[in-house]
Ligand SMILES: [Zn+2]
């Protein structure tokens, strides 16, 4: 990084931590998106999609497969490799989807319309097809919840723009049929809308499309309870920051806390945007409380620097400004189903980060996102 860039980054890091709830405690939260989501089915599926000419624009399109047994086993070991002030191990808040595409039903119906299934069903099918990688994974998920390694929270019902999927199904789009036949949902080249990402469930072009999202949120939060055994209280949008009209539906269905960017670029419809500054502890009109992820950790994204050092620097700024360190990350960094090397890099960097954190701040406290926000809401 050049000197000017370094300075710019430094100013941005401090700005993110200027406003909001303060504490002298050294609290560290790991907020990791995309658990439970099927993006790329397997190495073989990826190869078949490559042969069909589908592109791999992002590392997510290459490596983001459903977490398998080893992914979880090694993740738990990594989180257990360090202990906080009160003897607690590190914890991941897993922003998760409870539903995935029911590929079997869709093929039976000749791809007429979108059908979904619940997560345990997805794991059962994966284990039936690939016993070696997936048998026992759902049991391990539940063990991770019981022992506090994983705390799932709501990341949408599914991680898909249904508007885009439905429009492409109606046209029998060859690219969509190829990915669905490969039990994947990835590498979609264009949605046809400047404001819609194919993976962002709550993206829209016209504002009136947001009216479709209320029933999906309600159904998704009920599905979450069915899958994980408790109601979610925390939401992080699958994709772009959500339009604020979604908050009433989230609130009515039990959501109290929201992760949101420091500077939220809110889409108002047809390509118009509005900027909003947010901070930890800020409340919306419904009394829901915002949290800001003030630290970034994406160890498998090659940016030409050492992620552990960069992340430690961000944590240091957060603590100096009396904020908790809320680390934002994605499951893709800890996925080994398609490339074991990918997981090795992600989890060894995470281990190195946690060790170094403990060394620099021996009174570190590991919390999940809900524990942190319960504390914030007490003030
Ligand atoms: Zn996501």
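Let a ≥ b ≥ c be the square roots of the eigenvalues of the Cα gyration tensor of segment 58-212; is it rounded (a/c under 1.5), or, if not, prolate (a/b larger than b/c) or oblate? Prolate is the answer for segment 58-212, as a/c is 1.5 or above and a/b outweighs b/c. The antiparallel fraction among DSSP beta bridges confined to the chain stands at about 30%. Eigen-decomposition of the gyration tensor built on the alpha-carbon atoms of segment 46-109 gives equivalent ellipsoid semi-axes of 35, 17, 10 angstrom, largest listed first.
Counted residue by residue at 0.36 nm each, then reduced by the alpha carbon distance between them, the extension gain from residue 48 to residue 132 reaches 28.1 nm. Here is the tail figure for segment 244-379: Cα pairs spaced more than 17 Å apart come to 68 percent of all pairs. Looking only at segment 67-108, which residues have a backbone nitrogen under 11 Å from a spot 7 Å from the Cα of residue 145 in the C-beta direction? Zone members listed by number: 98. With the simple spin-label model, which puts each label point 7 Å out from Cα in the Cβ direction, the residue 340 to residue 58 separation comes to 2.8 nm. Largest GNM mean-square fluctuation across 193, 234, 103, computed for the chain with C-alpha springs under 10 Å, falls on 193.
Contact order, relative form, for segment 131-243: 35 percent (alpha carbon pairs under 8 Å, 6 or more residues apart, mean separation divided by residue count). DSSP finds beta bridges in segment 78-170, and of those with both partners inside it, around 45 percent are antiparallel. By other beta-carbon atoms within 10 Å, ranking 138, 205 with the fewest at the front produces 205, 138.
Can you work out the PRE-style zone for residue 206? Point 7 Å along Cα to Cβ, and I want the residues of segment 214-250 with backbone N under 18 Å. Those under the cut-off are 214.
Packing around the peptides 311-318, 62-69, taken as the average count of other Cβ atoms within 10 Å per residue, puts them in this order, highest first: 62-69, 311-318.
Only helices enter the 222 nm calculation for the chain: every DSSP H run of n ≥ 4 contributes -39,500 (n - 2.57), and dividing by all residues gives -12000 deg cm²/dmol, rounded to 500.
Sorted on the mean count of surrounding Cβ atoms within 10 Å across their residues, most packed first, peptides 237-245, 270-278, 331-339 read 331-339, 237-245, 270-278.
Judged by the ratio a/c of the largest to the smallest principal axis of the C-alpha gyration tensor, segment 86-137 counts as oblate, that ratio being 1.5 or greater while a/b is no larger than b/c. Taken over segment 3-377, the convex hull of the Cα atoms encloses 138 Å³ per residue. Of the peptides 296-303, 255-262, the ranking by mean beta-carbon count within 10 Å, highest at the top, reads 255-262, 296-303. One compactness figure for segment 1-119 is 1.53, namely its Cα radius of gyration divided by 2.2 N^0.38 Å. As a length-normalised measure over Cα pairs under 8 Å and 6 or more apart, the relative contact order of the chain settles at 27 percent. Based on the Cβ-Cβ distance from residue 363 to residue 320, what FRET efficiency comes out when R0 is 22 Å, to the nearest 0.05? After rounding to 0.05, the efficiency reads 0.90.
With a Förster radius of 51 Å applied to the C-beta separation of residue 85 and residue 110, the computed FRET efficiency comes to 0.30.
Applying 0.36 nm per residue to the separation of residue 124 and residue 286 and subtracting their alpha-carbon distance, the gain on full extension is 54.4 nm. Ordered by the count of other Cβ atoms within 10 Å of each Cβ, fewest first, 157, 360 give 360, 157.
Springs join every pair of Cα atoms under 10 Å in this Gaussian network model of the chain, and among 155, 323, 251 the largest mean-square fluctuation is at 251.
All of the numbers you see were taken from the coordinates with simple rules; none came from a lab. Model, not experiment: these values are computed from the prediction. Cβ coordinates were reconstructed from backbone atoms using ideal geometry, including for glycine residues, and neighbour counts include every protein chain displayed.
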